[in-house]
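Comments concern the structure below.
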Amino acid sequence: MEILLKKDVANLGYAGEIVKVKAGYAMNYLVPQGFATVATESVKKQHAETLRQRAHKEAKLVADAQALAATLGAQVLEIKAKVSEAGKLYGSVTTMDLEAALAAKGLNVDKKDITILAAEVKELGEYEASVKVYKQIKANFKFNVVAE
């Protein structure tokens with residue numbers, strides 16, 4: 001019997017897949033628990049259409065993410081910070097500072113998606129950061145820390 005999984009089922013498949021199982025397993029456990037529906041011809045056609053639309057939306061999201069990654073890769077930000085006479089920063093540069101600098105350039109990126117590639121930014125100089133734009137798409141950009 002073929003069923004369409006609504007949720008991930010261990011050792012069987014992931015949500016949105018059509019799999020073959022024994023009729024008793026499907027009718028006595030998977031369907032009543034809401035893990036699956038019986039894969040009739042109309043359900044299969046509807047599933048195929050959903051996959052086609054999802055692929056189209058996914059392609060657009062990936063294209064937009066790649067364009068944003070290219071824009072981010074070309075950026076060199078300048079972060080102004082208060083500095084002691086010895087050249088050390090009062091505090092450090094954080095992802096929140098980078099988020100604000102990117103927002104000032106019109107690029108909306110969440111601070112949770114930004115990773116500073118140096119251990120800590122506590123001195124003046126040039127550093128690099130990485131941004132997770134979408135799933136497997138990442139972009140690296142440079143930023144300079146200068147005295148205020």
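The values are calculated or read from the model by the stated rules, or taken from the named source; none is laboratory data. Since we're looking at a predicted model, the values are computed, not measured. Methodologically, a virtual Cβ is constructed for each residue, glycine included, from the backbone with ideal geometry; neighbour enumeration extends over all protein chains shown.
Of note:
- Residue within the stretch 71-88 that is within 30 Å of residue 6 (Cα to Cα) and either loosely packed, with under 11 Cβ neighbours inside 10 Å or touching a strand residue (DSSP E or B) at 6+ places or on another chain (Cβ under 8 Å) (or both) present: no
- If you go through the stretch 129-144 and pick out every residue that is out of contact with any helix residue (DSSP H, G or I) (no Cβ under 8 Å at 6 or more places or on another chain) and closer than 10 Å to residue 76 by Cβ, you end up with 2.
- Of the residues making up the stretch 101-108, one or more are of a type in the set (Gly, Ala, Ser), in a loop (DSSP other than H, G, I, E, B) and modelled with pLDDT of 90 or more.
- Residues in the stretch 1-37 that are aromatic (Phe, Trp, Tyr) and free of Cβ contacts under 8 Å to residues at least 12 places away in the same chain: 14, 25, 29.
- Applying the criterion of at least 1 residues that are under 31 Å from the mean Cα position of the chain (by Cα) and within 23 Å of residue 135 (Cβ to Cβ) to the strands (runs of 3 or more DSSP E) found wholly in the stretch 1-66 leaves 2-5.
- Test: residue in the stretch 60-81 that is in contact with a Gly (Cβ under 8 Å, 6 or more places away or on another chain) and in contact (Cβ under 8 Å) with a residue 60 or more places away in the chain: yes
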